Every structure is written in C-alpha cells, then in structure tokens.
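Q: Dumping the structure here so I can ask a few things about it.
The values are calculated or read from the model by the stated rules, or taken from the named source; none is laboratory data. Note that the structure is predicted; figures quoted are calculated from it, not measured. Every residue, glycine as well, gets a Cβ built from its backbone with ideal geometry; the counts of neighbours run over all protein chains shown.
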Amino acid sequence: MTLIDLANPSKFLSLTARVLPWLAAVTAIVLAIGLYQSATAPDDYQQGATVKIMFVHVPNAWLSMLVWGVMSLAALGTLVWRHPLADVAAKAAAPIGAAFTFLALVTGSLWGRPMWGTYWEWDARLTSVLILFLMYLGLIALWRAVEDPSRAARAAAVLTLVGAINLPIIKFSVDWWNTLHQPASVMRLGGPTLDRAFLVPLLMMAAAFSLLFVTLLLAAMRNEILRRRLRSLQMMQARAFSSEVDAGSREKTVPFGAA
Amino acid sequence: MSLGPYTSFIVASYALVTAVVLILIIAIAIDYRSLRQRLRELDQSGITRRSGRSAADLR
Amino acid sequence: MTAQAALIRRDIRIAVRVGGGALIGVLFFLTVVVLMPFAVGPDLALLTRLGPAILWLGALLASLLTLDRLFMADHEDGSLDLIVMSRTPLELACATKALAHWMAAGLPLIVATPVLGLLLNLDTRSTAAVALTLLAGTPSLTFTGMIGAALAVTLHRGGLLLAVLVLPLSIPVLIFGVAASQAAISGLSFGAPFSILCALSLVSFVVGPFAAAASLRHGLD
Amino acid sequence: MTAQAALIRRDIRIAVRVGGGALIGVLFFLTVVVLMPFAVGPDLALLTRLGPAILWLGALLASLLTLDRLFMADHEDGSLDLIVMSRTPLELACATKALAHWMAAGLPLIVATPVLGLLLNLDTRSTAAVALTLLAGTPSLTFTGMIGAALAVTLHRGGLLLAVLVLPLSIPVLIFGVAASQAAISGLSFGAPFSILCALSLVSFVVGPFAAAASLRHGLD
Amino acid sequence: MRVWGRGVGCVRGGREVFSRLHFEAASGQALAVTGPNGSGKTSLLRLIAGLLIPATGSIALEGGETELTLPEQAHYLGHRDALKPALSVVENLAFWRDFIGGEAGDTNKSLAAVGLDHAAHLPAAYLSAGQRRRLSLARLLAVKRPIWLLDEPAAALDTAGQSLFAGLMGDHLASGGLIIAATHGPLGIAAKELRIGGAS
Amino acid sequence: MRVWGRGVGCVRGGREVFSRLHFEAASGQALAVTGPNGSGKTSLLRLIAGLLIPATGSIALEGGETELTLPEQAHYLGHRDALKPALSVVENLAFWRDFIGGEAGDTNKSLAAVGLDHAAHLPAAYLSAGQRRRLSLARLLAVKRPIWLLDEPAAALDTAGQSLFAGLMGDHLASGGLIIAATHGPLGIAAKELRIGGAS
Ligand code: HEM
Ligand SMILES: Nc1ncnc2c1ncn2[C@@H]1O[C@H](COP(=O)(O)OP(=O)(O)OP(=O)(O)O)[C@@H](O)[C@H]1O
Ligand SMILES: Nc1ncnc2c1ncn2[C@@H]1O[C@H](COP(=O)(O)OP(=O)(O)OP(=O)(O)O)[C@@H](O)[C@H]1O
Ligand SMILES: [Mg+2]
Ligand SMILES: [Mg+2]
C-alpha cells in the first residue's frame, strides 16, 4: 500500500475500514496495561500519590504538541504537495488536539493545586500551553466559519505552519524562563533522569495515548470524507430539483474524490 | 490502595481524562452514524455519485 | 417581520458569518486577557487589580474593531441609499443597527466575563460587578462610536478629524466603568460611579442615533 | 519611480487622506494610557513600573485596529488582481504594503511615545528605551499581522476572528519587547532581550511576506 | 399619479452638473434619461429619490398615497447593487422585502421571474455580474412600489435578460406604474426621452 | 504572438462552470467571448489572467517576451475598476503606470485620449460611472502591454465613448496587439466569437 494509493479517498475508506478495529483493540490493550502499571506504581517520596497524575498529564501534554506537529505536516501536504487527504487530516486532527491540550491544562492545574498551592499561575509554560489551546480553538473556529472546505484548508494550512513557532516556545519555555514548572526529565539530551518505576508506566501511557490519537484521527478522517461527499451530493441535489430555465442550471457538481 | 490527602485531585484528573476521551469517541461515532444515515437517505432519493456508485457505498 | 427586526437579523447574521459570532467574541476576549500576564508579568495580585481595566479595554477594542465599518459597508454597496429611502425613520434605523452591532460584538463579551474573571483571579462578587458595568456601559460605547461611523461616511474624503473627536467621547464611559468595578471590588460605594455610567449610557442612546442620522443625511451624495 | 516606491506612496497617501487608520490608532493608544491611572489607582511607582507594559499593549492593540483591511480594501476594488498580475513578485508587494502600513500607523505611535511616557511618569532614559524597543518591535507586529490580513481575503472574513488568529502569533514580540524595556529601566542587561526582539523582527520580515503571499495566491477567485 | 420637476438644478462637489431641467412622467409612462457620460443622469435619479437635494427648482409627486413621500413610494436601482456577499441570494432578497416593507410578494416567485431560483441558496458572493443585476431586479418585484427609478438597469444583462426585463417593465407600466430610467442604449419599451448634457 | 487554451475546464465554489473549452487568438486579432449570464465569461478571462487556476487543460502564450509570463504581459480590465476614491484621477492613473511598470506612457496624454483631461485633478470619488470606466481604459494606454483582457469594457460608456474605445482597440490590434473581450453587445471591431454556455 503506497502513499499514492492512499491519496484516493475511496481506497483510504476501504483500507481504514479494515485496519480500524485492530487498531482500536491494540489501543485498548496497551491502555489497560498502562493503567494497571500506573495504579501499581509506588508513591513518590516527595510528591506522594499525586505523582499518579503524571501518568495522564505528561502524555496529554506531549500529545498536545505532537498533534500540532502532525497538523503542520498535513499543512505542508496541502500547500506543497497538494495531497488530497492532507486537509482532511488537518481538519480531523484539530478537535482531537484541542481535547488533549485541554486535558493537559486541567490535569496540570489539578496537580498544581497540591504541589504549588494554586490551580493557575501565569508561568511561561502554562501560558504557552494555554495559547496553544487558544490556537487550536481558533483553527476549529476557522474550519467552522468557512463552508468551502478547500478555501478553509489553505488558510488553515498557512496558519498552522505559522503557529508551529509556538511548539519550540512551549518545549523550551522552562529552560528559557525560570519557572515553577518541572524542566524536562524524559525528553532531554543525555537521557531520562526519571526513576524506572515511573518511567515505564509513563511511557506505556504515552504509547496508549498515541495509539488512541491515531485511532481517533483515522475515524474522524473517515467522517470528514463522508461529510464532503454528502456536501457535494447535496449541492447536486439542489441543482437537480431546480428548474432548467436559466443557463446557470447547466453547471454540474464535482463530487469530492470522485474516482 | 491509599492515595493520601489528595485523593480527590487524582480521582478527578483520571475521571476527567476518561470523560473527555469518551466524549471524543462518542462524538465521532454519532457523527459517523448521522453521516451514514443522511447519505443513505440521499441514496434513496436517487442521487448518485458521478462515478455511478451509490452514495452510501463506502468503498 | 417588522423592518427593524429584519435589519437586526441581517446585521447579526452578517456579523456571525463574517466575524465568526459569539464563540469568536469569547475567544477574542480570552486572547486579550491572556496577553496581559505577558506584558505586566505573572503577578496575580497585580493582574487582579488590573482585571476590570483589562476587560473594559478588551470590550472597547472589540467594539472599535468592527464599528468603523458599521455604515461604511452599507454605503459602499449602496444599501445605505435604500435604508435612507425606506419608510423607517433614519434615526430608528441607526439605533437598530447599533443595537445589532452591540448584540453581535458586545454581548458575547459580557457572557464571557465570568470565565475571564476566573483567569484573572477575581472573586464572584467582583466578576458580577464587572459584568454589570459592562452590561450598562458597552451599549454606550457602541452608540457613541456610531457617530464616528456615520461621520466616516460623510467625510469620505475630508480627513477624519471629526471622527477622531468621537473616540474621546467614549473615555468617560471607560473611566466610570472601571471606577465602578474597582469600587465594587475594593468595597467602596458602587452606586455613585455606576449611576453616572448609566446616565452616560442613557444620554448616548438619545444623542447617538440623532447625531448619526443627521450626519448621514448631510453626507449623502 | 520603482513599483515599490509607487505602492508605498499610494498607501501612505490614502492612509493620510482617509485619516481613519493612523489617527484612530494613536487615539486608541492614548486611551489605553489614560485609562491606566484609573485602573491601578494613584500609585505612581506602580504606574511607572507598568509603563512599558502599558505602552507595548497599547501599541499591539492599536496596530491590530487598522491592520485587518490591509488587503481587503484592495481586494474589494479589484486592485489586488492587478497587483498579483504585475511584474513585482507578490512577496515583495506584500512586504511593501506592510512597510507602508507601518509607516502610516506604527511610526506615529512611536512618535507619540515621549508624550505618553510623561503621563506614565517614565524618565527620559526609560522613555527612550521603550521607544527604541517599539521601533524594533512594531514592524514585526505589522508583519505578523499581515498574515491575518491576507487570511481575511482568503476567508472572506474579518473582525474578531482575525484578531484571534493573529494575536497569539505576536506574543513572543510582546514578551521580549516588554522584557527589554524593563531591563533598560531597572538597569539590567538590555542587550540580550533586545537582540532577541530584533531577531524576532527579522524572522517576521521573512515569514510574514511569504505566508501572506501564499495565502493570497491560494485565496484568489 | 405624476412625477414632475421644474427648473431643477444640481450642484455636486461645488460644480454645477445641470440647471433648469424640466421633466414630467405620469402613471403608465416611462421616461428614458439619456446623455453623455458625466452629464448628470445618475444625479437626476438621485435627486428624484431624495438622495440629493436640488440646488434650485423643485421635484414633486402628484397623486399616489398622500401620507407617503416620493422616495417612500419609489424603488431606486443604482449602479451599486445593495447585496451582501455573506448572505445567500434569498436572504438578501428577503431582507429587502422585509425592510422596505409595503406590499410584499413571494421571494421565490420573484427569483423565478428573474431566472435565479436555481441559485437561491448560493452565497451572493458567488454570483456573476449579470446574476447580481438580476437579483437587484428581483427586489423590484418582491415589493410593490409604483415608481421605479432605474440607473442603467440593463447593464451586464445578457440578451435574454434584457428582453425578460423589458417584459417586466411593460407589466409594471400596464399595472399603472411609472418608470424613470437612465440609459445609454435602447430601453426595450416605448418611452419618452429626456436628454441632458451637450451633444454626443 | 498567440494565446491558446486547450480543453480548459473551470471549477468555482465546487461547481463546474465550463469544461473542455478550446480557444485561440493571435497578434492583431480580437476574440469576443459571449454567452448568457453566469456562463463563465469572466471566469475565462480570470483564468487567462492567471487569477484562477484551470481545473483541467492548459492555457499558454507563444511568442511575446520569453522571460515574462502571460499575466505579466497582459492588461486585465475587470468589473471592479481598481480605483481609490481618495486619490485624484491623475494620482490613480500615475500609480498604476508606475506600479505595473513596463513601457510607460504619459498620463496626461492617456487621460486626454479617453476624454478625462478636464477632470484630472478631481478625486476619483467624484466620477460618474462612465467616467470611472474611462479612467480604467486610460490605464490600458498609459502602459503598453500586448495582451488586453477586457470584461464588458463598454459597460456604462455613452455612444461617443463606445466609438472612441472601438477606435482605441483598432489601434491596439493594428500595432500587433491581441484582445480577448467578454461582451454582451457588439464589440465595435471585427472579432472572432467564442461562445460559452447554452443557448440564450
Ligand atoms: C496547567 C498546568 C500545566 C501545564 C499546562 C503543563 C504543561 C506541560 C507540558 C506542555 C509538558 C511537556 C513538556 C515537555 O515535554 O518538555 C509537561 C510536562 C510535565 N509536567 Fe506539566 N504542566 C502543568 C502543570 C504541571 C504540574 C503542576 C506539575 C507537577 C508538579 C507538572 C509536572 C510535569 C512533569 C513532571 C512533566 C514531564 C517533564 C518531562 O519529563 O519532560 N506539570 N507539562
Ligand atoms: N467567486 C465565486 N465563487 C464561486 N462561484 C462563482 C464565483 N464567481 C462566479 N461564480 C459562479 O461561476 C459562474 C460563472 O461566473 P462568471 O462571473 O464567470 O459569469 P459571466 O459569464 O461573467 O456572467 P455575466 O455575464 O453575468 O458577467 C456563475 O454561475 C457563478 O455563480
Ligand atoms: N459624489 C460626487 N461628488 C461630486 N461630484 C460628483 C459626484 N458624483 C458625480 N459627480 C459629478 O457630477 C457629474 C454628473 O455625474 P453623474 O453620475 O450624474 O453622471 P451620469 O450622467 O450618470 O454619467 P454616466 O453616464 O457616466 O453614468 C459628473 O461630472 C461627476 O464628475
Ligand atoms: Mg450614471
Ligand atoms: Mg462577467
């Protein structure tokens, strides 16, 4: 199955129809293992049991950035390679990314209350994640505000690429500004400094959430393809029922992804 | 398993993650169903894709 | 449907389609608030103190951002001619347009205030006070701003000196709005500045439409 | 005269004649500054500390006010078609238009800074520092904002949606602009944040025109 | 019903456009205003529509509904078409029907009459120049008003559209309406001519 | 020099406007694009001007200056006239002359050629519809470009203006130019016709 084949929405639909159930099953299994490991992980000598929040907070935080990265790739696909599935992927990924970002924010605040004594602090990392969330919302608003998908796709692609500038800011904010938030202890030069007892469940949860993302993304992309098919069919229907008095009625509709 | 003085925070964060993930899954599933339904209705009203295949045909 | 209802519906519909509607209004407000800590630093106490001013500034900006084209857009596409010729008195049509603008640009901000209050660490009482002052004051921003919007049509090519004189008119509203919210927060007397704010609003409801209509009538050509 | 010089001359001329832009921008700037004493109370030391932040916020919001019609106006009257077809590369034309906009709307703000510095009780040195950071930073606000202005054409959308999309992009500039001014005032090293600010500006000079031109090219119809 | 002007003079931007103009049109009549570019045809229509104030002379309406002014009983179709690109075709038309008020008709019927029914739900931004013009014409049908002030109504219309519109004008005159139209070409119906400006 | 299109198809707003269109025009020739409203005349001109991208087929220029693209050697005169009301008539024209570049002529001569010299220092906002059109036409004269893409160029022109413009087009063709014009009426010069859209 090459990339060229995937460019055809119909082929994509049939392929994902076969792959999705397996993917969902694997996700569920990995998630179950991850949850079991995090439940049995020892308490931290400093943070006590609250360290368990890490197992959901950190994967969500990572994914919030990863999803934007995926969307940036898709944006390149739209603008440079004009890949027909690229904007479908970008549009489908945005709400999922927003959800992960939201979870990173909320679990972070829930962890912050016992650790720092406050839910919210205008710290560089926290604020930059909040901005990431706002940018996700802005993108979703943009997708919703423009009904012609190809027009919205190109605008969203430009914006996604420009917004990718925020990713390094989030990643390095803790290094650039001295702040409350933990500096990187897993994804850093020189290897992780985290104890194995925490590292293993964390990585397992991270894998589970990544798989979850891929599964949800594929399912949402299927929906998006169907939605575009529906839109073009509805436009055809509007035309078919209209009278034929004017020259304008000879226009035909070009269905999305007609093979 | 005892979770110490901050049980509510830990439980809340896990519950929230579960809830949001479930909402995502359910939203996508509902969206899929309604799209399929509307495509099928269009199909019954005789509108077909230009390639001649049925609208509800997903392949 | 009456002419006014039709006008409100149209203007709100366009605002929602072109500008993105209430959700975008909330997002905008959120973005402006999020900007603040970057500028003034992450000092929560200071942010709280600045809270009402920030919210008021956001409201002023949101109404200014779209207000200057309130009549200009209708003028450019010829709609204004038809509005002037219609059986609805021009003053009423102006007031209706301003109301629609406020509903599309001002109201979402007020609805969003509670959320922002949380971010700015305002307590419930203060948030309510700010929301109340915004509710009383933002219509007046729109109604005075409307005069400038009408002048923009009239003075199409004469330099906007007069329009520039209008923005200062909204400064008293801003000042009393912030003062009233501060008073409520610090436990001072809320009533005095708030009633001045309401009085300013009432004045603008009368003066705004008449001034705008007069300016539009003279500006036709 | 070269094509770029002609474009700059035209855009500045229109901005000056129509007035709107620059004047309303400066007035808004003024409003923000005048409002602050009412918000933070009569604490002069605090006001001084907040000075640079307030000036930067004012500049950011004021530049937002006029930017959204940068390309929209040319699109509506058909000029954009001719600009796209001309022999000047679109990226260069976009950069030129942004430059003209900055000269008409950004420069007056910087000129006004000394006056406002007085109001905020900043000493000469601090005022100079803030003015310098504004001089280095506001072009970058225009050049990132330009992306939003180009999106407005592609999307047929304006108003708050654009502000929402553009504001997050300008946050780094705001951070380093305020940081540099604060450093200058408190006697810390001014060089480090200032050079980051300049670097950000340089990046935006490259990214802005390309992103805007890409968006305009795709948005034509 | 009769619309007349006596000694009408028009000054725009400090310059006199025309002066001492006399004209008159009655129910069932069409008046074609002709003249070279810049002679003041549009200005005259805007004077009649109350959108400009005559420098000299006067314009009046006799007959018609007495409690309404001349502009309130007139449709004005200018160079600019008063359409909002963000609204769909029907939304645009329905707004003007509701706002202008008076005796309102069915939007769908009016759209069908100008051959735009198939595009009813398209955004107005998608319309071609001629389609925009047709949509403006639909406004004349959606609300009934006795006086039509038309500024180059046939511009951008194709030949089918022009004869369609001539038919609509004929119907309007037959039902007692009154038309004053500025035009460079033939109007397509019998009309008195009012010529302004020098030779051309 | 020759401009041709092979199997050109156009899709706008997700709907197909026309497909498999062939056309060709050479130096000294005029091509009149005709068809009912909404058939895609404007769209075709915009495709040729590079302002739209063809969905299928291709458009190319043979001959001409090789290092320049087709749009860079063409004048496009659309429905919208690219005039700024705040600038005066000469300022508008001088800007386009400087910006479009290429072989530039004298603005005053071009204004005189379209009969606008007396209005040179008026703001463009004061122009009547026909005068605006004339000012747009002056742009074609102020900068020499071999290809003219004209969208209903005669709209709003009076009879004198139409024959004046026919003369200008004749001169352009005689000097080796090439004209593609969308029109509903006669163009005033000898032209091949390209008909798009159904019967009308
Ligand atoms: C709303 C509040 C919070 C937000 C938005 C947030 C955001 C993030 C982000 C974006 C990351 C990934 C960064 C990277 O990979 O370099 C992260 C990682 C992390 N966060 Fe948070 N966080 C928040 C609160 C907290 C709190 C309260 C704690 C604990 C006291 C915490 C502990 C951690 C840890 C341990 C990591 C992993 C760092 C690493 O190993 O790379 N976070 N957070
Ligand atoms: N911006 C646009 N977006 C989407 N569709 C459009 C757009 N502009 C025009 N169309 C559609 O494309 C078709 C052709 O339009 P075009 O403007 O090319 O017609 P035309 O032949 O020039 O008509 P006219 O004689 O009325 O000027 C029309 O049906 C129109 O609805
Ligand atoms: N808004 C305005 N302000 C000042 N003068 C104007 C204005 N509009 C038009 N004029 C001037 O008034 C004169 C008449 O303009 P008008 O638009 O009435 O001409 P017209 O007969 O409709 O011409 P056309 O055939 O070109 O449409 C013109 O010389 C024009 O320069
Ligand atoms: Mg006219
Ligand atoms: Mg056309």
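Q: Tell me, please, whether a residue that is more than 9 Å from every other protein chain (Cβ to nearest Cβ), within 19 Å of D:GLY158 (Cα to Cα), assigned to a helix (DSSP H, G or I) and in contact with a helix residue (DSSP H, G or I) (Cβ under 6 Å, 6 or more places away or on another chain) can be found in segment D:24-34.
A: yes
Q: When you go through (1) more than 14 Å from chain F (Cβ to nearest Cβ); (2) within 16 Å of ligand 4 (Cβ to nearest atom) one by one for E:ALA174, which number turns out not to apply?
A: E:ALA174 satisfies every listed condition except (2).
Q: Moving on. What about B:TYR14, is it within 26 Å of A:THR215 (Cβ to Cβ), within 7 Å of chain A (Cβ to nearest Cβ) and at pLDDT below 95? So that I can check it myself, show each step before the final result.
A: Values: within 26 Å of A:THR215 (Cβ to Cβ): yes; within 7 Å of chain A (Cβ to nearest Cβ): yes; at pLDDT below 95: yes.
So B:TYR14 passes the test.
Q: Identify all residues within segment A:85-109 that are of a type outside the set (Gly, Ala, Ser), part of a helix (DSSP H, G or I) and either buried (at least 24 other Cβ atoms within 10 Å of the Cβ) or more than 9 Å from ligand 1 (Cβ to nearest atom) (or both); write none if there are none. Step through it out loud before you land on a result.
A: Of all residues in segment A:85-109, those of a type outside the set (Gly, Ala, Ser) come to A:85, A:87-88, A:91, A:95-96, A:100-103, A:105-107.
Right, trim to part of a helix (DSSP H, G or I) and you get A:87-88, A:91, A:95-96, A:100-103, A:105-107.
Correct list: A:ASP87, A:VAL88, A:LYS91, A:PRO95, A:ILE96, A:PHE100, A:THR101, A:PHE102, A:LEU103, A:THR107.
Q: Can I ask one more? Being part of a helix (DSSP H, G or I), aromatic (Phe, Trp, Tyr) and more than 22 Å from A:LEU130 (Cα to Cα), is that true of even one residue in segment C:71-78?
A: We begin by selecting, within segment C:71-78, every residue part of a helix (DSSP H, G or I); these are C:72-76.
Next, only the ones that are aromatic (Phe, Trp, Tyr) stay: none.
No: segment C:71-78 contains no residue that is part of a helix (DSSP H, G or I), aromatic (Phe, Trp, Tyr) and more than 22 Å from A:LEU130 (Cα to Cα).
Q: So is A:MET115 farther than 21 Å from B:SER13 by Cβ, touching a residue at least 24 places away in the same chain (Cβ under 8 Å) and either away from chain C (no Cβ under 11 Å) or not in a loop (DSSP other than H, G, I, E, B) (or both) or not? Steps first, answer last, please.
A: Details: farther than 21 Å from B:SER13 by Cβ: no; touching a residue at least 24 places away in the same chain (Cβ under 8 Å): yes; either away from chain C (no Cβ under 11 Å) or not in a loop (DSSP other than H, G, I, E, B) (or both): yes.
For A:MET115, the condition - farther than 21 Å from B:SER13 by Cβ, touching a residue at least 24 places away in the same chain (Cβ under 8 Å) and either away from chain C (no Cβ under 11 Å) or not in a loop (DSSP other than H, G, I, E, B) (or both) - is not met.
Q: Using beta carbons and a limit of 8 Å, which pairs, at least six apart or on different chains, have the first residue in segment E:180-192 and part of a loop (DSSP other than H, G, I, E, B) and the second one aromatic (Phe, Trp, Tyr)?
A: Qualifying pairs under 8 Å: E:GLY188/E:PHE165.
Q: Does any residue of segment E:118-131 turn out to be more than 16 Å from ligand 2 (Cβ to nearest atom), assigned to a helix (DSSP H, G or I), of a type outside the set (A, V, I, L, M, F, W, C) and under 22 Å from C:ASP77 (Cβ atoms)? Explain how you work it out, then say what you get.
A: Step one: of segment E:118-131, the residues more than 16 Å from ligand 2 (Cβ to nearest atom) are none.
No, that holds for no residue.
Q: Quick test of your reading of the structure: D:HIS156 fulfils all but one of (1) over 17 Å from the mean Cα position of the chain (by Cα); (2) crowded, with 24+ Cβ neighbours inside 10 Å. Name the failing condition by number.
A: Just one mismatch for D:HIS156, condition (2).
Q: For segment D:188-202, name all the residues that are in contact (Cβ under 8 Å) with a residue 12 or more places away in the chain and part of a helix (DSSP H, G or I).
A: Residues of segment D:188-202 that are in contact (Cβ under 8 Å) with a residue 12 or more places away in the chain, as a first pass: D:190, D:193-194, D:196-198, D:200-201.
D:PRO193, D:PHE194, D:ILE196, D:LEU197, D:CYS198, D:LEU200, D:SER201, listed by residue number.
Q: Could you please tell me which pairs satisfy a Cβ distance under 7 Å, a separation of 6+ or placement on different chains, a first residue in segment A:129-154 that is more than 8 Å from every other protein chain (Cβ to nearest Cβ) and over 18 Å from D:GLY219 (Cα atoms), and a second residue that is among the β-branched types (Val, Ile, Thr) and surrounded by fewer than 21 Cβ atoms within 10 Å (Cβ to Cβ)?
A: The qualifying pairs are A:VAL129/A:ILE170; A:LEU132/A:ILE170.
Q: Here is a list: E:SER128, E:SER58. Which entry is among the polar types (S, T, N, Q) and surrounded by 19 or more Cβ atoms within 10 Å (Cβ to Cβ)? Can you show your working first?
A: Values: E:SER58 fails: surrounded by 19 or more Cβ atoms within 10 Å (Cβ to Cβ).
Selected residue: E:SER128, the only one of E:SER128, E:SER58 that is among the polar types (S, T, N, Q) and surrounded by 19 or more Cβ atoms within 10 Å (Cβ to Cβ).
Q: Out of C:LEU116, C:LEU107, C:LEU122, I need the residue that is under 18 Å from C:VAL33 (Cα atoms) and not in a helix (DSSP H, G or I). Which one? Can you show your working first?
A: Details: C:LEU116 fails: not in a helix (DSSP H, G or I); C:LEU107 fails: not in a helix (DSSP H, G or I).
Among C:LEU116, C:LEU107, C:LEU122, only C:LEU122 is under 18 Å from C:VAL33 (Cα atoms) and not in a helix (DSSP H, G or I).
Q: Show the residue pairs that are 6+ apart or on different chains and have beta-carbon atoms under 9 Å apart, the first residue being within segment A:91-108 and in contact (Cβ under 8 Å) with a residue 40 or more places away in the chain, the second being within 16 Å of ligand 2 (Cβ to nearest atom).
A: Pairs found: A:LYS91/A:PRO149; A:LYS91/A:ALA152; A:LYS91/A:ALA153.
Q: So, one more: Quick check on this structure: which one of A:MET71, A:MET135 is surrounded by 22 or more Cβ atoms within 10 Å (Cβ to Cβ), touching a Leu at 6+ places or on another chain (Cβ under 9 Å) and closer than 30 Å to E:LEU87 by Cβ?
A: Values: A:MET71 fails: closer than 30 Å to E:LEU87 by Cβ.
Every option except A:MET135 fails the conditions.
Q: For segment F:17-34, check the following and say yes or no: at least one residue is within 16 Å of ligand 2 (Cβ to nearest atom) and in a loop (DSSP other than H, G, I, E, B).
A: no
Q: How many residues does segment E:31-87 hold that are under 12 Å from C:ASP81 (Cβ atoms) and either away from chain F (no Cβ under 14 Å) or β-branched (Val, Ile, Thr) (or both)? So that I can check it myself, show each step before the final result.
A: Going through segment E:31-87, the residues under 12 Å from C:ASP81 (Cβ atoms) turn out to be E:42, E:45-46, E:49-52, E:71, E:74-82.
Narrowing further to those that are either away from chain F (no Cβ under 14 Å) or β-branched (Val, Ile, Thr) (or both): E:42, E:49-51, E:71, E:74-76, E:82.
Looking only at that region, the number is 9.
Q: Find the residue count for segment F:151-179, including only residues that are more than 17 Å from E:THR159 (Cα to Cα), in contact (Cβ under 8 Å) with a residue 12 or more places away in the chain, more than 16 Å from ligand 3 (Cβ to nearest atom) and outside any loop (DSSP other than H, G, I, E, B).
A: Final tally of qualifying residues: 9.
Q: Sticking with this structure for a sec: Do we find a residue being within 16 Å of ligand 2 (Cβ to nearest atom), of a type in the set (Gly, Ala, Ser) and in contact with a helix residue (DSSP H, G or I) (Cβ under 8 Å, 6 or more places away or on another chain) anywhere in segment E:165-188?
A: For segment E:165-188, residues within 16 Å of ligand 2 (Cβ to nearest atom), of a type in the set (Gly, Ala, Ser) and in contact with a helix residue (DSSP H, G or I) (Cβ under 8 Å, 6 or more places away or on another chain): absent.
Q: Here is a further query. Which of the residues that make up segment F:7-20 are within 14 Å of chain A (Cβ to nearest Cβ) and in contact (Cβ under 8 Å) with a residue 24 or more places away in the chain? Lay out the reasoning, then the answer.
A: First pass over segment F:7-20, keeping only residues within 14 Å of chain A (Cβ to nearest Cβ): F:9-20.
Across segment F:7-20, the qualifying residues are F:GLY9, F:CYS10, F:VAL11, F:ARG12, F:GLU16, F:VAL17, F:PHE18, F:SER19, F:ARG20.
Q: Looking for something within 14 Å of chain C (Cβ to nearest Cβ) and under 16 Å from the mean Cα position of the chain (by Cα) - is there at least one such residue anywhere in segment D:109-119?
A: So in segment D:109-119, the residues within 14 Å of chain C (Cβ to nearest Cβ) come out as D:112, D:119.
Next cut, under 16 Å from the mean Cα position of the chain (by Cα) only: D:112.
Taking every residue of segment D:109-119 in turn, at least one turns out to be within 14 Å of chain C (Cβ to nearest Cβ) and under 16 Å from the mean Cα position of the chain (by Cα).
Q: I've got another one for you. What residue, among those in segment F:35-66 that are among the hydroxyl-bearing types (Ser, Thr, Tyr) and under 25 Å from D:ARG87 (Cα atoms), is farthest from ligand 2 (Cβ to nearest atom)? Steps first, answer last, please.
A: Step one: list which residues in segment F:35-66 are among the hydroxyl-bearing types (Ser, Thr, Tyr), which gives F:39, F:42-43, F:56, F:58, F:66.
Still in the list and also under 25 Å from D:ARG87 (Cα atoms): F:42-43, F:58, F:66.
Working: F:THR42: 3, F:SER43: 3, F:SER58: 19, F:THR66: 30 Å.
Once the filter is applied, the top-ranked residue is F:THR66.
Q: Output the number of the condition that C:ALA73 fails; it satisfies all remaining conditions of (1) under 29 Å from C:ALA212 (Cβ atoms); (2) touching a residue at least 60 places away in the same chain (Cβ under 8 Å); (3) more than 9 Å from chain D (Cβ to nearest Cβ).
A: (2)
Q: Right, next: For segment D:98-132, give me the residue count where each residue is in contact with a Pro (Cβ under 9 Å, 6 or more places away or on another chain) and among the charged types (D, E, K, R). Before you say what the answer is, go through the steps one by one.
A: Going residue by residue through segment D:98-132, those that are in contact with a Pro (Cβ under 9 Å, 6 or more places away or on another chain) are D:98-99, D:102, D:106, D:119-120, D:122, D:124, D:126-131.
Subsequent filtering for residues that are among the charged types (D, E, K, R) retains none.
Number satisfying all stated conditions: 0.
Q: Moving to a separate point now. Is segment F:73-88 home to any residue that is more than 16 Å from ligand 4 (Cβ to nearest atom), more than 12 Å from the chain's Cα centre (by Cα), in a loop (DSSP other than H, G, I, E, B) and farther than 29 Å from F:SER128 by Cβ?
A: no
Q: A further question follows. Return yes when F:LEU140 is touching a residue at least 60 places away in the same chain (Cβ under 8 Å) and away from ligand 2 (no atom under 16 Å from the Cβ) and no when it is not. Don't jump to the end; show me each part of the working.
A: Numbers: touching a residue at least 60 places away in the same chain (Cβ under 8 Å): yes; away from ligand 2 (no atom under 16 Å from the Cβ): yes.
Criteria met by F:LEU140.
Q: Give just the number: which of (1) under 17 Å from the mean Cα position of the chain (by Cα); (2) assigned to a helix (DSSP H, G or I); (3) touching a residue at least 12 places away in the same chain (Cβ under 8 Å) does F:TRP148 not satisfy?
A: (2)
Q: Can you tell me which of E:SER136, E:SER163, E:SER128 is within 12 Å of another protein chain (Cβ to nearest Cβ), of a type in the set (Ser, Thr, Tyr) and within 18 Å of E:ARG97 (Cβ to Cβ)?
A: Numbers: E:SER163 fails: within 18 Å of E:ARG97 (Cβ to Cβ); E:SER128 fails: within 18 Å of E:ARG97 (Cβ to Cβ).
Of E:SER136, E:SER163, E:SER128, the one residue that is within 12 Å of another protein chain (Cβ to nearest Cβ), of a type in the set (Ser, Thr, Tyr) and within 18 Å of E:ARG97 (Cβ to Cβ) is E:SER136.
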